[in-house]
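Here the structure is laid out as structure tokens; the discussion comes afterwards.
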Amino acid sequence: MAEQDFPRRKAIPAGQLLIDGRWRDAASGETSTTFDPTTEEPIADVAKATASDASDAVAAAQRAFEAGPWARMHHEERARILFRIADLMDERAEDFAVREAMDMGMPYRDFRDIIMPHCAGLFRFHGGLAMSALDGAYRTSYESNVRILTRREPLGVVAAITPFNFPLALSCSKIAPALAAGNTIVHKPATDTPLTALALAQVMLDAGVPDGVYNLVTGPGGTIGDALIGDPRVDKIAFTGSTSVGQGIMRGGAATMKHLTMELGGKSPNIIFADVDIDAAVQAAFWGIFWNKGEVCVAGSRLLVERACYAEVVEKLSAMATSATLGDPLDPATMIGPIASRGEYEKVLAYVADGKITARLTAGGGTRQVDGRGLFIEPTVFADATNDLKISREEIFGPVIPVIPFEGEDEAIRLANDTSYGLASGIQTGDLGRALRLADRIKAGTVWLNCWHKYHPNAPFGGFKMSGYGREQGREAWESYTQYKTIWANLGEPVSAVR
């Protein structure tokens, strides 16, 4: 993409709630302000919903599910609308990209080239599944005059609670399969990064999604999240966020037996063996942790390196980190943008301070500013780390990586699995047999071999252990947005009793 193709910042209109097909202010009239982490200036005021607003959104979604056309719409018609959503997202890709760059600091180039095609692809993929979906299938029973009909039906009202770090991608991964299966949605985006959710809501209207099928409520997570979790009319919660918040949702949802999909935290191990192309492995390690400034749930945030190549990997990774270009995400030269919010910035710096005490700093460790402003943290590398350090065990969610040495395959796997998390992992080796053998032993939902950050709408994604359960993307996502019904049909004489 040529430099002149990169846009400038622009004015973003104030954001309202979308409930039952209509934009409206919060019942209280209150708003909150979203800030640009690059300039530290306000971008736009956004409606600050109350529990009453959340209840209105749930009521609209329930009406749309029970009485509206969406759940009963022919699969092909539903798919047509999903394809239209994807087309509109493509047409408005620049607006989405500028909003994401301003709102959370993702480089514009990364969003346009990687995230936006993936998001539109999710609606096309699930639209395709909707096209091929069958209402049910007849099966025979032991009795010749009895048939069994199995149906897969939508759950009802789905509350999608999404995080700040990939606002659009992690919203689409929930909304696309939920809508394709015939459910209705109440979407609660992260308080700090609501701007792409507002643009997506307008796409839903313009694509012809019926009133009440998609509803957007912006505002504080505690207030709105608690209201959605406790509402018996909500049939499912689809959540991405921290493990501790996910546990709270699970406890709260138990009272009404909600269906749940939990995509939670991670501390993903990236294992480098000495038989690999070291330069390629270091590239994978660099982008594995520092892409999107480390604000990635599947970041390769523990680097395990075989001792035979340990010094070389540390040296080359540190050099790459030191030379990385930090800057305005709308600048084409920028590799690493600002941390998304002041709160996250301070949290990451506290981990950096701890790492300086417990490990050897070989790159970064400080902050930078662009034109005297911005929440920028240098890509930070800590060598000679061990797996029991705070920076090695806790999810930092920033551009910080501990490098841990190991000897042999067994120690590598022991260290990799020595974590409460199990979201992602990676193995960098020149031996394909070793790669596949060890992939079987790693306890994680995703294993990248000689790469990192590869995604596709048709590939299921989710975690093991404390990283959650359920799968997003792929056909597997349909399982968590539908439920089975079995219908027994007597085609012969009336049956008066059960034998």
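The values are calculated or read from the model by the stated rules, or taken from the named source; none is laboratory data. This structure is a prediction, so every number in the text was calculated from the model and none was measured. Please note: Cβ atoms are built from the backbone with ideal geometry, for glycine as well, and neighbour counts cover all protein chains shown. Heads up: the accessible areas ignore ligands, DNA and RNA and are worked out on the full protein's heavy atoms, side chains in. Shrake-Rupley method; radii C 1.70, N 1.55, O 1.52, S 1.80 Å.
Overview of values
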{"quantity": "Every pair of residues 6+ apart whose Cβ atoms lie under 6 Å, when the first sits in the range 291-302 and is farther than 16 Å from Ala169 by Cα while the second is modelled with pLDDT of 95 or more and open to solvent by 10 Å² or more (accessible area, probe 1.4 Å)", "calculated": "Gly300/Trp452"}
{"quantity": "So Ala86, is it hydrophobic (A, V, I, L, M, F, W, C) and more than 23 Å from the chain's Cα centre (by Cα)", "calculated": "no"}
{"quantity": "Hits in the range 144-177 (condition: within 8 Å of the chain's Cα centre (by Cα) and among the aromatic types (Phe, Trp, Tyr))", "calculated": "Phe166"}
{"quantity": "Output for the range 376-418, where each listed residue is in a helix (DSSP H, G or I) and at positive phi", "calculated": "Gly408"}
{"quantity": "Positions within the range 358-374 being open to solvent by less than 10 Å² (accessible area, probe 1.4 Å) and either aromatic (Phe, Trp, Tyr) or under 20 Å from Arg99 (Cβ atoms) (or both), in sequence order", "calculated": "Gly374"}
{"quantity": "Any hit, the range 99-112, residues being more than 20 Å from the chain's Cα centre (by Cα) and either not in a helix (DSSP H, G or I) or not hydroxyl-bearing (Ser, Thr, Tyr) (or both)", "calculated": "no"}
{"quantity": "Residue match in the range 73-95 (condition: surrounded by fewer than 24 Cβ atoms within 10 Å (Cβ to Cβ), outside any helix (DSSP H, G or I) and modelled with pLDDT under 95)", "calculated": "yes"}
{"quantity": "Residue check, Gly156 under 20 Å from Glu479 (Cβ atoms) and of a type outside the set (A, V, I, L, M)", "calculated": "yes"}
{"quantity": "Any hit, the range 188-210, residues being within 19 Å of Asp53 (Cβ to Cβ), among the β-branched types (Val, Ile, Thr), part of a helix (DSSP H, G or I) and open to solvent by 10 Å² or more (accessible area, probe 1.4 Å)", "calculated": "no"}
{"quantity": "Residues being outside any loop (DSSP other than H, G, I, E, B) and of a type outside the set (Phe, Trp, Tyr) - total across the range 419-477", "calculated": "22"}
{"quantity": "Residue tally, condition within 25 Å of the chain's Cα centre (by Cα), of a type in the set (D, E, K, R) and over 25 Å from Ala97 (Cα atoms), over the range 5-52", "calculated": "0"}
{"quantity": "Residue match in the range 345-357 (condition: assigned to a loop (DSSP other than H, G, I, E, B), touching a strand residue (DSSP E or B) at 6+ places or on another chain (Cβ under 8 Å) and surrounded by 18 or more Cβ atoms within 10 Å (Cβ to Cβ))", "calculated": "no"}
{"quantity": "Qualifying strands (runs of 3 or more DSSP E) (wholly inside the range 1-51; at least 3 residues being surrounded by fewer than 21 Cβ atoms within 10 Å (Cβ to Cβ))", "calculated": "22-24, 31-36, 41-47"}
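One line per residue, one yes/no per condition, for (1) among the polar types (S, T, N, Q); (2) modelled with pLDDT under 95; (3) out of contact with any Pro (no Cβ under 7 Å at 6 or more places or on another chain):
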position: Tyr481; (1), (2), (3): no, no, no
position: Tyr484; (1), (2), (3): no, yes, yes
position: Asn490; (1), (2), (3): yes, yes, yes
position: Glu493; (1), (2), (3): no, yes, yes
position: Arg499; (1), (2), (3): no, yes, yes
